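Input: a single structure, listed below in structure tokens.
The values are calculated or read from the model by the stated rules, or taken from the named source; none is laboratory data. The shown structure was predicted, so the numbers you read here are calculated from the model rather than taken from an experiment. Cβ coordinates were reconstructed from backbone atoms using ideal geometry, including for glycine residues, and neighbour counts include every protein chain displayed.
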Amino acid sequence: MHKIAAELRHRELTQEIYNIGDEVAEYIEHLIESIADWDPELARECLEEFSEIIEDARADSRRAVGELLGLRQALTSGVRAGTLSASASPGNQLPEPELLDARALEAAHPISSSPIVVRELAAALNGRTENVTEHLEGLVDWVLDQTEAVAHHLDAVSLPHLYARVGRHVTAAAEGWLHTVADAHPVYARTMRGANPPAFLVERARVDAVVARVAAKRARDRGAAS
């Protein structure tokens, strides 16, 4: 491959690495917004979408990193090598968060009163929900941090393995919230729902409206031409 073409492809693939991490982070944020709005149905839909994104991210990152390794070797080796320099080892990176699941949520925010006191129940369920959303926000930071490290230094971490671990963490936290909050206390969850409408739904509605308008205009244009 010509040096200039190789360097252009290298930049494209490096940007693709960032884009993959951004997409994984974005779908975690969708899940955060659905849980912050106490919407179990939307949370389940977001979790399904996230699982698909994780599978795509693992496959796409494996391909991109493999091609980048070959390009970097070609551009940094030999007397007539390109100007690309080998990246230094990454500095301090965020540690992997501890697993947060249903058992951990119940231990951190127990409901022990019998009979249950409403005030204590509300405090526990609110605490579990805040715990999960904060944990997922930490996972967003971890994904972006690890992805950036790989973009600079391909040996920093295996992205396919990273995204598999992210999938386990996110699924455990989301299912933990569903099990210990939304499913265990549906009446309370329904009373809390709607306080924090997910911003990503507003954006989806806006995009859908634009797509519908474009499709309607094309249909009108085709009708006028026929």
- Exception for ALA107 within (1) at pLDDT 95 or above; (2) surrounded by 12 or more Cβ atoms within 10 Å (Cβ to Cβ) falls at (2)
- Query: Is it true that some residue in region 10-22 is surrounded by 21 or more Cβ atoms within 10 Å (Cβ to Cβ) and part of a loop (DSSP other than H, G, I, E, B)?
  - Reply: no
- Message: Quick check on my filter: what residues within region 30-83 are among the charged types (D, E, K, R), at pLDDT 90 or above, within 29 Å of GLU12 (Cα to Cα) and buried (at least 16 other Cβ atoms within 10 Å of the Cβ)?
- Response: ARG58, ASP60
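Can you tell me how many residues within region 200-218 are loosely packed, with under 12 Cβ neighbours inside 10 Å and touching a residue at least 60 places away in the same chain (Cβ under 8 Å)?
As a first pass, look at region 200-218 and keep what is loosely packed, with under 12 Cβ neighbours inside 10 Å: 202-203, 205-218.
Imposing the further condition that a residue be touching a residue at least 60 places away in the same chain (Cβ under 8 Å) reduces the set to none.
Total satisfying the criteria: 0.
Every residue, every condition in (1) among the charged types (D, E, K, R); (2) closer than 23 Å to GLU106 by Cβ; (3) assigned to a helix (DSSP H, G or I), yes or no:
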{"residue": "GLY167", "(1), (2), (3)": "no, yes, yes"}
{"residue": "ALA172", "(1), (2), (3)": "no, yes, yes"}
{"residue": "VAL187", "(1), (2), (3)": "no, yes, yes"}
{"residue": "ARG190", "(1), (2), (3)": "yes, yes, yes"}
{"residue": "ALA195", "(1), (2), (3)": "no, no, no"}
{"residue": "PHE200", "(1), (2), (3)": "no, no, yes"}
{"residue": "ALA205", "(1), (2), (3)": "no, no, yes"}
{"residue": "ALA212", "(1), (2), (3)": "no, no, yes"}
{"residue": "ALA224", "(1), (2), (3)": "no, no, yes"}
- Task: Go through (1) touching a helix residue (DSSP H, G or I) at 6+ places or on another chain (Cβ under 6 Å); (2) more than 22 Å from GLU52 (Cα to Cα) one by one and return the number of the condition GLN146 breaks.
- Result: (2)
- Message: For the condition closer than 18 Å to THR133 by Cα and over 12 Å from the mean Cα position of the chain (by Cα), what is the one hit in GLU41, GLU49, GLU26, GLU16?
- Response: GLU41
